[in-house]
Amino acid sequence: MPTTALRGVQRPGKNPNPSAAPDPRTPATHRTTHKVTGIRVLRSEWAKFWSLRSSWITLCVAVFLLIVFGAVASYTYSPDAVATAGPPGPGSSGDSDAVGLALTGVTFASLAIGVLGVLLSAGEYSTGMIRSTLAAVPRRLPVLWSKAAVIGPIALILTTVGAVAAFQLGTPGLDGEKIALSLGDDGVLRSLAGAGVYLGLVAVFGVALGVLLRSSAGAIAALVGVLLILPGLASLLPDSWYDTLSPYFPSNAGSAIYALHESSDALSPGAGLAVFAGWVALTLAGAAFRLVRTDV
Amino acid sequence: MIEARELTKRYGDKTVVDNLSFTVKPGEVTGFLGPNGAGKSTTMRMIVGLDSPTKGSVTVNGRSYAKHAAPLHEIGTLLEAKSVHPGRSAFHHLMALAYTHGIPRRRVDEVIELAGLTSVAGKRVGAFSLGMGQRLGIASALLGDPAIVMLDEPVNGLDPEGVLWVRNLLRGLADEGRAVMLSSHLMSETALIADHLVIVGRGRLLADTTVEDFTREAGGGVKVSTTEPMRLRSLLAGPEVTISSSSAEELLVAGRDAREIGAIAAQHGVPLYELTPQAVSLEAAFMDLTRDVVEYQSAPADTVRKAA
């Protein structure tokens, strides 16, 4: 575009004296009906979640892992193998009950669900979507609460259904075995629902890590580190420390939530839930702090 | 109306925006100009609260942005074209923003049509060209029917038709009484759209002026060749007229346009054999103004050649 003298050139539609013309009524200022509210932000996050193909895929993968691992573990169960497998690890739900077998996939599902949470939050940072999001909701915190409130219940409900499905599918595989249980037996439904609650919280944990670290790779690494590597690494601690601390590790406290039988070196389901929820709440608080305090 | 007062942003010991004060008024298009790295984008991010100022303040329609109950109705922004999740379709992206304010779906369809995205609204944004991404960004800026529209480099990546569309759109928005602010590093393009200019370099305000004043001060003038330069010189003289001569029969007249000079010469029977308005290079004037503050100075071409 050549740069030419603009003097005397009438630009199309251009008002030569801008100060005289403007309509003092700015067009939008009277509209108070379209305010940002908590419910609306929640509605927006709900729509955002379901409008991404990656959400569907990751969610399906999580539920699939939960069902397949659980069912397969039940079918391949043989009491002799367990006897030679050595003592169950600390905090583990014990390999020798039907619920424990049905929930074999929880560890894998927790990674998928945690990644789903990370994608929901850190994904906005890596793509730049967060700028659009926070420009629309400049108070910022409702975005974090809404993300947690969307993914927590979705993960909880679907993985509870998945856990029940894994148990039901696995039941014929344990037919005739000593350890066979049915859905109506004491504590079975509570354990299966406990797994759903745990995975719902893991999803929220993923969201919080994503907002805290603002990077998908970093948050996924942190998630794997906390859920899988930390318990192993902690075994390097002196025994007395380890015995005292290990039940309070996020993953150990978490697995206590869905254990059918409370083991001596683990927390009770209620205490496990409280401890794991505490970890998630702590991470959420850190995420909220960073979200509000730092530039985007 | 956007009012920035002594706006300052430091990252460590690097001052990106330095004591910047300016006003963007309704009914006008304000061009926010500066070389790359002048702090334009940082300033715009501070306006919508994405970055918080180290010092100073900026208000949008009298309040800081985050205090508004319906921020998208106050100001619509295009910050970077890729402020979008590439896995979501254009329609779902706009819907997600609309939900936060309870903006009806009807309005989403409207802005999609306005931005010319109807045929690709269902496509994932990741597959969009730069130009389509810009159109989506402009559509989301208009979503809330805002009193202020603020666009960071809106014509980047647009084809000539798109550039013309943006130009007419922004003019139309300003004529409706909205405040329009657009940033650019291209003076010539901005001069075609803007009424008002805020020019920055290294975060500091270099000029706060109108396009007309800037053009006038940029100089230029009219080259006149005549057989009677002395006589013409005295005829053209006036309080705001400066005349210089580069050769015996040539005059360079600033302060009168070619039409005036021709009329005066004809009236007094002075023969002219050339009467040429000099092309003012606004770009050159802009570069003069910002030369000392260019963040990423390129070496002159000949030194590069020598070095090679």
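The values are calculated or read from the model by the stated rules, or taken from the named source; none is laboratory data. Only a predicted model underlies this, so the values are computations on that prediction, with no experimental measurement involved. Please note: Cβ atoms are built from the backbone with ideal geometry, for glycine as well, and neighbour counts cover all protein chains shown.
The rows are residues; the columns are (1) among the small types (Gly, Ala, Ser); (2) part of a helix (DSSP H, G or I); (3) more than 14 Å from B:Ser89 (Cβ to Cβ).
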{"residue": "B:Ile138", "(1), (2), (3)": "no, yes, yes"}
{"residue": "B:Ala141", "(1), (2), (3)": "yes, yes, yes"}
{"residue": "B:Asp145", "(1), (2), (3)": "no, no, yes"}
{"residue": "B:Trp165", "(1), (2), (3)": "no, yes, yes"}
{"residue": "B:Asn168", "(1), (2), (3)": "no, yes, yes"}
Matching residues, region B:86-103, being part of a helix (DSSP H, G or I), under 19 Å from A:Ser126 (Cα atoms) and facing chain A (nearest Cβ under 7 Å)
B:His92, B:Ala96, B:Leu97
Among the residues of region A:110-128, how many are in a helix (DSSP H, G or I) and touching an Asp or Glu at 6+ places or on another chain (Cβ under 7 Å)?
0
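For the condition more than 7 Å from every other protein chain (Cβ to nearest Cβ), at pLDDT 50 or above and assigned to a loop (DSSP other than H, G, I, E, B), what is the one hit in A:Thr58, A:Thr33?
That would be A:Thr33, the only listed residue that is more than 7 Å from every other protein chain (Cβ to nearest Cβ), at pLDDT 50 or above and assigned to a loop (DSSP other than H, G, I, E, B).
Within region B:1-34, which residues are free of Cβ contacts under 8 Å to residues at least 24 places away in the same chain and more than 23 Å from B:Glu74 (Cβ to Cβ)?
Once the filter is applied, which keeps residues that are free of Cβ contacts under 8 Å to residues at least 24 places away in the same chain and more than 23 Å from B:Glu74 (Cβ to Cβ), region B:1-34 yields B:Tyr11, B:Gly12, B:Asp13, B:Lys14.
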List every residue pair whose Cβ atoms lie under 7 Å apart, where the two residues are 6 or more positions apart in sequence or sit on different chains, the first residue falls within region B:101-120 and is touching a residue at least 24 places away in the same chain (Cβ under 8 Å), and the second residue, located anywhere, is of a type outside the set (A, V, I, L, M, F, W, C) and assigned to a helix (DSSP H, G or I).
B:His101/A:Arg40; B:Ile112/B:Thr118; B:Ala115/B:Arg135; B:Gly116/B:Arg135; B:Leu117/B:Arg135
Of residues in region B:170-189 being part of a strand (DSSP E or B) and within 22 Å of B:Pro35 (Cα to Cα), the one modelled with the lowest pLDDT:
B:Ser184
Against the definition (within 19 Å of A:Leu116 (Cβ to Cβ) and either touching a residue at least 24 places away in the same chain (Cβ under 8 Å) or within 14 Å of the chain's Cα centre (by Cα) (or both)), how does A:Pro250 come out, yes or no?
yes
Within region B:104-119, which residues are in contact with a Lys or Arg (Cβ under 9 Å, 6 or more places away or on another chain) and either within 11 Å of another protein chain (Cβ to nearest Cβ) or among the aliphatic types (A, V, I, L, M) (or both)?
B:Ala115, B:Leu117
Among (1) over 27 Å from the mean Cα position of the chain (by Cα); (2) surrounded by fewer than 21 Cβ atoms within 10 Å (Cβ to Cβ); (3) not in a helix (DSSP H, G or I), where does B:Gly116 come up short?
(1)
Looking for whichever is within 12 Å of another protein chain (Cβ to nearest Cβ), surrounded by fewer than 24 Cβ atoms within 10 Å (Cβ to Cβ), assigned to a helix (DSSP H, G or I) and not basic (Lys, Arg) here; the options are A:Pro153, A:Pro142, A:Pro172. Which one fits?
A:Pro142
So which strands (runs of 3 or more DSSP E) stay within region B:200-258 end to end and still have 3 or more residues that are more than 14 Å from chain A (Cβ to nearest Cβ) and either surrounded by fewer than 17 Cβ atoms within 10 Å (Cβ to Cβ) or of a type outside the set (Phe, Trp, Tyr) (or both)?
B:204-210, B:222-226, B:242-247
For B:Leu275, are the conditions met, namely being under 34 Å from the mean Cα position of the chain (by Cα), closer than 22 Å to B:Ala207 by Cα, modelled with pLDDT of 80 or more and surrounded by 11 or more Cβ atoms within 10 Å (Cβ to Cβ)?
no
Qualifying positions in region A:154-194 - among the basic types (Lys, Arg) and under 23 Å from the mean Cα position of the chain (by Cα)
A:Arg190
I need a count of the residues in region B:190-204 that are under 11 Å from B:Leu33 (Cβ atoms) and more than 13 Å from the chain's Cα centre (by Cα).
1
Scan of region B:129-160 for residues that are more than 19 Å from B:Val108 (Cα to Cα), of a type in the set (D, E, K, R), more than 12 Å from the chain's Cα centre (by Cα) and away from chain A (no Cβ under 14 Å), ordered by number
none
